[in-house]
Amino acid sequence: MVGLASVSRCWLLAAALILSGVCGATAQAQVPDDECRDGAVLPVRPKTDPRSAKITGICFLAIGRDSFFKDINILAGGELRAIEAGHGENTNTNLWASSIIIENGGALIANGGMVYYNAVGPYGYGGGTLTIHLYGKDAAKWNPGTRQYDSQNKGAVCKSVAPGPCGIPQAIWDTNGASLQEMPGRDEQGNPIKDYFYQYAALRGDGDCTVNSKTSKCEIGYFGNKVLGVSFGATLDLYGHKGSIPPGWLGTSPPGPDEDPLSTGRSWRRLVDGQSLSWEDFGVLLRPYVGWSFQLHLGGRHRKRGKPR
């Protein structure tokens, strides 16, 4: 069974993905969506004027700035890129959105954008941070007496107009689990991946619909609200400095997670002898090479000094 996403790789980003309860701007007349493509920079919207945005081509996030949006939809051929290199050191970038939906053929990418031991470098290598804030209130109200919702959230809707919902091929959408279908991507041998596809539906408590101003149809969202949603055929590629390793890092690392499913990256390591530490131990031997920086705080379970139990 296939879930919602085809994710190329998702390592720990040197940034936080934050769920926030901050309210948006006051109601105002409907304005057109910002559209970003052709290598442009996504407009920097102030908190007082957040707008929806559609990413239909290569689009860059403004590094070192705070940008406020309503819904952001990344459509087929669209790539929203957050690239740290070329903007100085220790940058602080904040992207606020009520939702980000990556539809079929779209991609959200964050990395350092520099050559790093013959590979793309991680975001945070220059000391920068990227924070994605998802904001909004919960409008769902459950009535225990009627065992129904008195009100529900409006889920963020997809904005692809073809070939099917969220840009998914209509023929695949219509099967709804009836037969095996070829999925995006390839397996380790380069062969097509086949699995069953099941149609999306509104999440519980997020079943209210949004009227499409062009078609007058009331459309439901499949990913809920205040969400980062990754659809069938979409790519979420967040490559951050903390905890991640490029293949062959410094020539001393084990293979990275893409090459070895047992790789632990740099977030944690096993003790060489596999035994627990005692309160009398004054050294830690880890395997394999770690590459941690100085001033790193080690965490773990411990007991107070005293008679061993």
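Regarding residue 162, is this residue at pLDDT below 95, in a loop (DSSP other than H, G, I, E, B) and surrounded by fewer than 19 Cβ atoms within 10 Å (Cβ to Cβ)? The answer is yes for residue 162.
Can residue 228 be described as at pLDDT 85 or above and not in a loop (DSSP other than H, G, I, E, B)?
Judged against the criteria, residue 228 is a match.
Scanning region 113-123 turns up no residue that is part of a loop (DSSP other than H, G, I, E, B) and within 17 Å of residue 75 (Cα to Cα). Restricting attention to region 165-180, the residues that are in a loop (DSSP other than H, G, I, E, B), of a type outside the set (Val, Ile, Thr) and under 25 Å from the mean Cα position of the chain (by Cα) total 1. In the condition set (1) assigned to a strand (DSSP E or B); (2) free of Cβ contacts under 8 Å to residues at least 60 places away in the same chain, residue 101 is compliant with all but (2). Filter region 17-70 down to the residues that are surrounded by fewer than 11 Cβ atoms within 10 Å (Cβ to Cβ) and modelled with pLDDT under 75, then identify the one that is nearest to residue 126 (Cα to Cα). Out of the qualifying residues, it is 21.
Among residues of region 211-231 that are touching a residue at least 12 places away in the same chain (Cβ under 8 Å), those with a Cβ under 7 angstrom from a residue that is among the acidic types (Asp, Glu) and buried (at least 17 other Cβ atoms within 10 Å of the Cβ), sequence gap 6+ or separate chain, pair up as 221/206; 224/206; 225/206; 231/103.
Looking for whichever is among the small types (Gly, Ala, Ser), in a loop (DSSP other than H, G, I, E, B), modelled with pLDDT of 90 or more and buried (at least 17 other Cβ atoms within 10 Å of the Cβ) here; the options are 221, 145. Which one fits? Answer to the check: 221.
Kindly establish whether residue 90 is of a type in the set (S, T, N, Q), under 20 Å from the mean Cα position of the chain (by Cα) and farther than 21 Å from residue 168 by Cβ. Taking the combined requirement at face value, the residue does not satisfy it.
If you check residue 73 against the conditions, is it in contact with a Cys (Cβ under 9 Å, 6 or more places away or on another chain) and either part of a loop (DSSP other than H, G, I, E, B) or at pLDDT 95 or above (or both)? Yes, satisfied. Among the conditions (1) farther than 24 Å from residue 224 by Cβ; (2) surrounded by fewer than 20 Cβ atoms within 10 Å (Cβ to Cβ); (3) out of contact with any strand residue (DSSP E or B) (no Cβ under 6 Å at 6 or more places or on another chain), the only one that residue 121 does not satisfy is (2).
Within region 184-204, can one find any residue that is touching a Lys or Arg at 6+ places or on another chain (Cβ under 9 Å) and touching a residue at least 12 places away in the same chain (Cβ under 8 Å)? Taking every residue of region 184-204 in turn, none turns out to be touching a Lys or Arg at 6+ places or on another chain (Cβ under 9 Å) and touching a residue at least 12 places away in the same chain (Cβ under 8 Å).
The values are calculated or read from the model by the stated rules, or taken from the named source; none is laboratory data. No experiment lies behind these values; they were computed from the predicted model shown. Here Cβ is always computed from backbone atoms with ideal geometry, including for glycine, and neighbour counts include all displayed protein chains.
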